[in-house]
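Below: the structure, in structure tokens.
The values are calculated or read from the model by the stated rules, or taken from the named source; none is laboratory data. Everything numeric in this text was worked out from a predicted model, so none of it was measured. Here the Cβ positions follow ideal geometry from the backbone for every residue, glycine too, while neighbour counts run over all protein chains shown. We work out accessible area using only protein heavy atoms, side chains counted, and drop any ligands, DNA or RNA first. Shrake-Rupley method; radii C 1.70, N 1.55, O 1.52, S 1.80 Å.
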Amino acid sequence: MLELSEILDIFNEGKTLTMDEEAALTCNYYSQEAQKITCELNYKYHDFDEIRELFSKLIGSEVSDDFRVFPPFFTDFGKNIHLGKNVFINSGCKFQDQGGIYIGDNVLIGHNVVLATLNHEENPKKRGNLIPSPIKIGNDVWIGSNVTVVSGVTIGDGAIVAAGAVVTRDVAENTVVGGVPARYIRDISMD
């Protein structure tokens, strides 16, 4: 089995992870660890301090005192989520974070948002291999309910992603995007 630092190096360098026996064993181990923590988080009542403690355990680093998440929350890895200060994640969100999810300060994430940092090879014989690419969310971003953000996308500071959007390319700062796929709607008034 690969060490956590080894698997994170592969994911964070954007290298394809060939899904051999060792890689599968490693991914399964961290997936099961994430499932244990999220089951505890999702299926028992916890006050905000307890939620922050569980979430810190899930991601492997301490979250700030102003972090809030409304369960249920789901992830299949957990160890490559990076949070700024004053982040709010509403219920039903799913973070596939192997490729890295970087969330800035003062970010609002609506219900049922999916952040997916993995892709697969097109060749059917190699389709089980994982191709990671990070999602980067700037400061002061608001992501509406039922949004999907795919791997490799950066959302600029101050941006708003309208409910139901599928974000397949970068979003400029201080803009509103929406639709499937998400497209520019307008600039945000800074008055």
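Side notes on the structure shown:
- Scope segment 155-175; condition buried (at least 18 other Cβ atoms within 10 Å of the Cβ) and either outside any loop (DSSP other than H, G, I, E, B) or modelled with pLDDT under 95 (or both); matching residues: Ile155, Ile160, Val161, Val167, Val171
- Which listed residue is in a strand (DSSP E or B), open to solvent by less than 10 Å² (accessible area, probe 1.4 Å) and free of Cβ contacts under 8 Å to residues at least 60 places away in the same chain, from Phe55, Phe74, Phe95: Phe95
- Checklist (1) open to solvent by 70 Å² or more (accessible area, probe 1.4 Å); (2) closer than 24 Å to Ser5 by Cβ applied to Gly84, failing item: (1)
- Scanning segment 40-52 for residues that are open to solvent by 30 Å² or more (accessible area, probe 1.4 Å), closer than 27 Å to Asp105 by Cα and either assigned to a helix (DSSP H, G or I) or touching a Cys at 6+ places or on another chain (Cβ under 9 Å) (or both) gives Glu40, Phe48, Asp49, Glu50, Arg52.
- The C-beta contact set for segment 175-190 (first residue under 14 Å from Ala163 (Cα atoms), second residue open to solvent by 40 Å² or more (accessible area, probe 1.4 Å) and of a type in the set (S, T, N, Q), distance under 6 angstrom, 6+ apart or interchain) comprises Pro181/Thr168.
- Here Gly128 fits the description: closer than 29 Å to Ala24 by Cβ, in a loop (DSSP other than H, G, I, E, B) and open to solvent by 20 Å² or more (accessible area, probe 1.4 Å).
Matching residues to (1) open to solvent by less than 10 Å² (accessible area, probe 1.4 Å); (2) more than 10 Å from the chain's Cα centre (by Cα); (3) among the hydroxyl-bearing types (Ser, Thr, Tyr):
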{"residue": "Ser91", "(1), (2), (3)": "no, yes, yes"}
{"residue": "Leu108", "(1), (2), (3)": "no, yes, no"}
{"residue": "Leu115", "(1), (2), (3)": "yes, no, no"}
{"residue": "His120", "(1), (2), (3)": "no, yes, no"}
{"residue": "Val150", "(1), (2), (3)": "no, no, no"}
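- Of the criteria (1) surrounded by fewer than 21 Cβ atoms within 10 Å (Cβ to Cβ); (2) without any contact (Cβ under 8 Å) to a residue 60 or more places away in the chain; (3) within 15 Å of the chain's Cα centre (by Cα), which one Lys79 fails: (2)
- Candidate set from segment 21-39 (those that are over 10 Å from Phe74 (Cα atoms) and of a type in the set (Ser, Thr, Tyr)); member that is most open to solvent (accessible area, probe 1.4 Å): Tyr29
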